[in-house]
1. Among the residues of region B:164-177, are any more than 21 Å from the chain's Cα centre (by Cα) and outside any loop (DSSP other than H, G, I, E, B)?
2. If I go through region B:264-292 residue by residue, how many of them are aliphatic (A, V, I, L, M), assigned to a helix (DSSP H, G or I), more than 8 Å from chain A (Cβ to nearest Cβ) and more than 22 Å from B:W320 (Cβ to Cβ)?
3. Which is in contact (Cβ under 8 Å) with a residue 60 or more places away in the chain, surrounded by 15 or more Cβ atoms within 10 Å (Cβ to Cβ) and more than 27 Å from B:P6 (Cα to Cα), of B:L84, B:L93?
4. Filter region B:306-343 down to the residues that are in contact (Cβ under 8 Å) with a residue 60 or more places away in the chain and away from chain A (no Cβ under 14 Å) and list them by number.
5. Yes or no: B:G340 surrounded by 21 or more Cβ atoms within 10 Å (Cβ to Cβ) and part of a helix (DSSP H, G or I)?
6. When the residues of region A:49-80 are narrowed to those that are surrounded by fewer than 24 Cβ atoms within 10 Å (Cβ to Cβ) and closer than 18 Å to A:S14 by Cβ, which ends up nearest to the chain's Cα centre (by Cα)?
7. Within region A:326-344, track down each residue that is under 20 Å from A:L33 (Cβ atoms) and assigned to a helix (DSSP H, G or I).
8. Yes or no: B:T176 under 30 Å from B:Q34 (Cα atoms) and not basic (K, R)?
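The values are calculated or read from the model by the stated rules, or taken from the named source; none is laboratory data. Quick caveat, the model's predicted, so the values are computed rather than measured. When we count neighbours, we look across all protein chains shown, and the Cβ atoms used for this are built from the backbone with ideal geometry, even at glycine.
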Amino acid sequence: MEFAFSEDQDLLRSSTRRFLDDRDALRELRSTLEAPEVVDRHLWQKGGELGWTSMLIPPDHGGGSVSTQPLVDLVVLGEELGRVLHPGPFVPTNVVADVITRHGTEAQRAEWLSGLAQGSVLAAWCASADGSIEMGECGVALTETPEGSALNGVARFVHGATVADVLLVLATTQTGAAYFLVPTTSPGLSLRTQGTLDLTRRFAEVTFNQVPVALDQMLTGPAIAVHQRAVDVATVLQSAEAVGAADHLFDATVAYLSVRTQFGRTIASFQAIKHRLANLLVVREGMRAATHFAALALSDGFDDAPAAVSTAGSYVPDGFARICGESLQLHGGIGFTWEHDVHLFVRRAFTNKGLYGDPGWHRERLCAIEAVA
Amino acid sequence: MDVTVPELPDRYETFTAELRAFIAAHRPALQWKQRAGLRVPEHEADVQALRNWVRALDDAGYRLKRFSLDETDPYEQRIITRELGRAGVPYILGNPLVSGALKAFGTEDQQRHYLAPMARGDHIWTQLFSEPDAGSDLASLGTTARLEGDQYIVNGQKVWSTWAQWADYGYLLARTEPVSGPRGISAFILDMHAPGVDVRPLREMTGTTDFNEVFLNDVVIPVSNLIGTAGNGWVAAQTSLLTEREGVGGGSGTVTDGLVDLARSHRRRGRAAIEDDAVRQELGALVARARIFSALGYRVATKAAAGTIDAWDAPLTKIWYSELNLEVAEFALALQGNRGALVEGDLGAFEDGKWQDRFLYARALTIAGGSNEIMRNVIAERGLGLPREPRGEK
């Protein structure tokens, strides 16, 4: 049993950490908090060179992973990107890369995968009208017109749509749900950036107004299988980002409380504070164990992979939100200022709760699995 | 990354089959109703039956690593603990915490004289650590051992001693040195049948008697029963307590087993509880935490093998398990509605009050082996390196 990362994965971690630290990525992010766009395509392409989007793509399409467990490799990267609240579309781009790899036609794979692997092509995932993963909330429909097929409707909370080149779009059709690949240059497609609690990422409302689509833009395989796989991958990757972010914020909180002095002693010496930190450490290690096991189970196709993923989906978002909320409280007044980073973590954590399956959705799934076991 | 445990080589098939046959032939029938947790038999006859069973196991060559001075085969150990665990009757009698201390600090004579009889069930041991005024602050214990010639004279009162009512020997901590705090403490082997040892069973909130008070009045201990050197008792105890902490949290990852059945067989608001959304949410959350407990176990095992254990690992595991176990029991009672208030002996009690007993006993696990508050101190102070709690004046 080696429930730990390999040396190669440790190297992968250090190369990305060095890249982000050299730029002081979190500081860089601060200058864009209120800007219309937060993702620098040039920098994203540098990330492509570091493997941020190549792991789930086969080598003959320019991809490649560090180990035989590409999802575990991605967890390493997700943790590092999470530490600096990286704004990039790490989750959706990898989800789309995975879906095209598994369910794309040969032509689709040839068209998109190498660009995604290099980081020169960015992708986003339009799952529903309310940003949930309920297929019943799909807000886009395929309609037949005399001129051909077209997509009409709306998708919301689409992370990265504002910089994406291609959208993975769930749509209802007369014969059931289907997934399409839609270039963002398609006519009839418009975007509105949503004003969100999270200042470190951009989410868009994507409107489809007679967006023409051809049959060869449809992915193969039942939409429900594509959808479930996308949810599982997204849950693991978002969990990894949360673990990294929680690590950073927790360490920063312990460090601050160890130097902040009141009543003639560091406030970290008060037992009321120490016990809260101990509780947060318990949560953080639980988040980590849940995320790593989910990545392993999904990567190796364990029988209990769905339960493992939903264990992370149930625990991690709430744990992350708790660590962020308590860290803010423990910082005291400084934590309430705009200049301090802690609110950026709080904002992200509470935004995460609804993305890629809220914890309640995952608990329901766990319960359903348990009840048939 | 993997969580695979090496498969048992084929050559162990015979070993497994023989052990299973042995268990089937020798497994004792007990009068005692078995309950969840580390519980103690009520009848002398059961204790004798258990001694016979453990002796037969040891005579047949099934000895646990913790009692063995020789190298043991890890595959055989795995089979032994798995098969004996399934047998559903105790195969370790008493509290064998002392075995680690004897191995680390005991003389060759002590090891030879005590380990094998402990393995055979000939010697049942108890632990004499806690005192009425020294619980979390164990280092302030007041029981004294006064050196007179080649013997110590012991006086004091101990509490929370599991199995003491049936014990032959006690693993005793007492103050020998004229200094306060941990450096004044020594560890001893105490003959529980010696004059001046008075064991008084303590009935707990469960209604059962799993712990005891032990009064020590001018009890004589030969110097040769000192474990390690005088003043080294605290170090010995820390070593063995850490093993116990791993043990307390070391249950299986199936702490939520049975909840689905409970939710199916009880009704809430006019339908099966399992169909209620609030029930499903809580059940899902508990299942997630039980699954994470297993994953934490994989991490700790990996770190232990690599020698990279963090100071927070053992206390974290203890907190995780004991608090989850309590919440599971509370939820199990809630699922039963008013029936949740019916206990063993009542005609209407579900599964003869199994969950009610577990609910009550769960309160022991958040306190025993270092209360969860002390565990939080350990995480903060030794794990995170935060300042130690100041000592008060005494």
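1. Yes - at least one qualifying residue is present in region B:164-177.
2. Total satisfying the criteria: 3.
3. B:L93
4. Selection gives B:N325, B:A332, B:Q336, B:G337, B:R339.
5. Criteria not met by B:G340.
6. That would be A:G51.
7. Selection gives A:S327, A:L328, A:H331, A:I334, A:G335, A:F336, A:V342, A:H343, A:L344.
8. Spelling it out, it is not the case that B:T176 is under 30 Å from B:Q34 (Cα atoms) and not basic (K, R).
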